[in-house]
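Take a look at the structure below.
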Amino acid sequence: QLFLEAARRIPDRADPHANLAFLYHVLGRVDEAIAHGQAAVAIDPNHLLAHVNLAQSLLLAGDYAHGWPHYEWRPPDDRLSTLPRWHGEDFAGARVLVSREQGLGDFIALARFFPGLAARGVTLTVEAPAAALPLVASFDGIDEVRSEGDLGDLGRYAAYVPIASIPSVLGVGIDTIPAAPYLRADAARARRFAE
């Protein structure tokens with residue numbers, strides 16, 4: 001009620017709408033979340049949080065075409081400020097770094113898109129959480145895996161892409177999410193576990 005009152009009293013401010021968008025998203029009222037997210041972005045086109053919240057609601061609603069561009073408003077990785085950001089341009093033959101962001105579950109879920117990136121002709125180096133290194137080594141499409149924070153000389157990379165930006169780079173829609181299994185258990189460990 002307070003957020004609604006704030007939006008009514010200060011109609012030229014994006015924050016009340018951004019707060020309402022987040023609240024409605026959490027409550028599962030996605031249409032209202034999208035409406036307030038769109039209002040916040042219309043009032044302040046540079047409101048980072050409004051874009052990201054709107055993206056999450058649009059993606060939840062299955063509107064990938066509009067959701068991915070808003071999701072690209074996430075803050076950049078300051079560690080990689082000397083590298084250009086890859087948006088899917090032709091970098092055939094060049095080494096592209098997939099940088100780590102978000103949690104381990106997100107990392108594993110987004111790994112399904114590595115082959116799609118590799119199909120663009122790039123050489124992929126993936127920054128992976130240390131706990132996931134044995135699992136990541138089995139993923140298709142990767143040429144090199146680096147432990148989180150150990151990227152080596154940044155000059156060896158032509159560009160980078162944050163892992164959560166891969167669906168945007170590939171233009172992923174609801175019908176183009178790879179469905180093929182991509183997680184494999186290490187055979188030796190599976191045998192030991194079976195025993």
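No lab work stands behind these numbers, since they all come straight from the coordinates. Since the model is a prediction, treat every value here as computed from it, not as a measurement. Neighbour counts are summed over all protein chains in view; Cβ atoms, including those assigned to glycine, are modelled from backbone coordinates with ideal geometry.
Quick notes on this one:
- In this calculation the C-beta distance from ASP143 to LEU23 is compared with R0 = 35 Å, giving a FRET efficiency of 0.20.
- Working from label points 7 Å from Cα in the Cα-to-Cβ sense, the ARG95 to SER81 distance is 2.4 nm.
- Dividing the summed helix terms, -39500 (n - 2.57) for each DSSP H run of n ≥ 4, by the number of residues in the chain produces a 222 nm estimate of -12000 deg cm²/dmol to the nearest 500.
- Taking the chain and dividing mean pair separation by its residue count, relative contact order in percent (alpha carbons under 8 Å, at least six apart): 18
- Segment 34-191, Rg to Rh (Cα coordinates; Rh as Kirkwood inverse mean 1/r): 0.99
- Pairwise label distance in nanometres, ASN46 with LEU60, each label 7 Å out on the Cα-Cβ vector: 2.9
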